[in-house]
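For reference, the structure discussed in these notes is given below.
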Amino acid sequence: MTSPTNGITTVYKVTGMTCSHCEGSVAQELSVIAGVTSVQAVAATGLVTVASAGPLDDEAVRAAVDEAGYELAGRA
């Protein structure tokens, strides 16, 4: 899906998030990936919405989620 700023928005499913601290940890790790402009993680649904300037490498996303202590289940 393309946003009005010609960026890309991708939604990922992340397992293991249970609270706002979890959301913050995942968002913090994902936000350091080159090209990421915003991250919104929602523990209640397990969905993480990532806006970026261009396509992201799935392995970079997986590594960031792993670093935060959670598991990337794939794209939602």
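Points to keep in mind about this one:
- TYR12 meets each of the listed conditions (1) in contact with a Lys or Arg (Cβ under 8 Å, 6 or more places away or on another chain); (2) surrounded by fewer than 12 Cβ atoms within 10 Å (Cβ to Cβ) apart from (2).
- Within the range 7-30, being of a type in the set (Ser, Thr, Tyr), over 17 Å from ARG75 (Cα atoms) and within 11 Å of the chain's Cα centre (by Cα) holds for one residue alone: SER25.
- Residue check, GLU59 touching a helix residue (DSSP H, G or I) at 6+ places or on another chain (Cβ under 6 Å), on the phi < 0 side of the Ramachandran plot, in a helix (DSSP H, G or I) and charged (D, E, K, R): no
- With respect to (1) out of contact with any Lys or Arg (no Cβ under 6 Å at 6 or more places or on another chain); (2) surrounded by fewer than 19 Cβ atoms within 10 Å (Cβ to Cβ), the lone exception for ALA76 is condition (1).
- The listed residues are ALA68, ALA53, ALA63, ALA73, and the only one of them that is hydrophobic (A, V, I, L, M, F, W, C) and without any contact (Cβ under 8 Å) to a residue 12 or more places away in the chain turns out to be ALA63.
- Filtered residues of the range 27-56 (kept if in a loop (DSSP other than H, G, I, E, B), of a type in the set (Val, Ile, Thr) and surrounded by 15 or more Cβ atoms within 10 Å (Cβ to Cβ)): ILE33
Coordinate-derived values only; no laboratory data. None of these values were measured; they are calculated from a predicted model. When we count neighbours, we look across all protein chains shown, and the Cβ atoms used for this are built from the backbone with ideal geometry, even at glycine.
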